[in-house]
1. How far is it, in nm, from the label point at residue 9 to the one at residue 189 when both lie 7 Å from their Cα along the line to the Cβ?
2. Taking Cα atoms, how many degrees apart are the long axis of helix 31-40 and the longest axis of the chain, rounded to 10 and kept between 0 and 90?
3. If you take every DSSP beta bridge whose two residues both sit in the chain, what share of them, in percent to the nearest 5, is antiparallel?
4. Please build a GNM for the chain, connecting alpha carbons under 10 Å apart, and tell me which residue among 184, 59, 116 fluctuates the most.
5. For the chain, what is the calculated [θ] at 222 nm in deg cm²/dmol (nearest 500), taking -39500 (n - 2.57) for each run of four or more DSSP H residues and dividing by its residue count?
6. If all Cα-Cα distances of the stretch 98-272 are sorted into 5 Å bins from 0 onward, what percent lands in each bin, rounded to whole numbers?
7. Along the Cα→Cβ direction, 7 angstrom out, place labels at residue 125 and residue 259. What is the inter-label distance in nm?
8. At a threshold of 8 angstrom on Cα-Cα distance, excluding pairs fewer than six apart, so keeping six or more, what relative contact order does the stretch 98-272 reach in percent?
């Protein structure tokens, strides 16, 4: 018997084709369509991307649920603890976005350090003479502080090193790396650029607040391509306004699209992209296909890749 799968968000066309070939697909992209599924269908798998929430009440609605999945890496929109209690497999795509997020991170660094966004904007306004007041610097010779040394953090460190930066880092544990491990406070004090690559959990929410921002070098830059809620944004706005830090760039915000964060978005020393770091055509397709293939394997009695089951140790 074909299993039933609920999609909370759109996925890459190739991945959707794989899904439709193997299972029955239902969509819950909005509240009315989700309610229709809740009322009429039994579901064996729920798949989301970055916004659709897989909560305990949603899982409770389907007694034969076997797997929940996110086409992505972070799982802060999935109630992993509730799924584990219910013996439901949680699937994600670890490491699949490391290259593209690292590239995006370096792009934001370069744009901030070289004041590139304003340069382009002024030329488009036919203000070539703006070059006479140009102020910018370069990454070469600067210290890059990486907070979080997972797959993305390591790749960002290597790219920074290739640009001639000295790399220091902090993570939950010391790793066998060619970079200096420091306490987080010392990373903030010594770095010209600080880049965040931490997961969002109870320990890391607002890990960068007023106290941490005041430790940073005057004139330093802060980059966030991890999760918006890692930073206390009112404190960040104050730090930008007072000149405690010189610039902020991010691909993530605590509220997307921004409402409470709109002052950060509009700040003259901030560059914000709309959570597009993983949306390159190659990575988007890869993340979706990897996740869908593993979900299909679970539902059809195949063998999913072991690393794809986030709560594997707790279940087996």
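Only the coordinates and a few stated rules stand behind these numbers; no lab work does. Predicted model, so just to flag it, every value in this text is computed and none were measured. Cβ coordinates were reconstructed from backbone atoms using ideal geometry, including for glycine residues, and neighbour counts include every protein chain displayed.
1. About 4.0 nm separates the two model spin labels.
2. 20 degrees
3. If I count the DSSP bridges inside the chain, around 5 percent turn out antiparallel.
4. 116
5. About -10500 deg cm²/dmol.
6. Each 5 Å bin holds this share of Cα pairs: 2, 9, 18, 22, 22, 15, 8, 4, 1, 0, 0.
7. 3.1 nm
8. 19 percent
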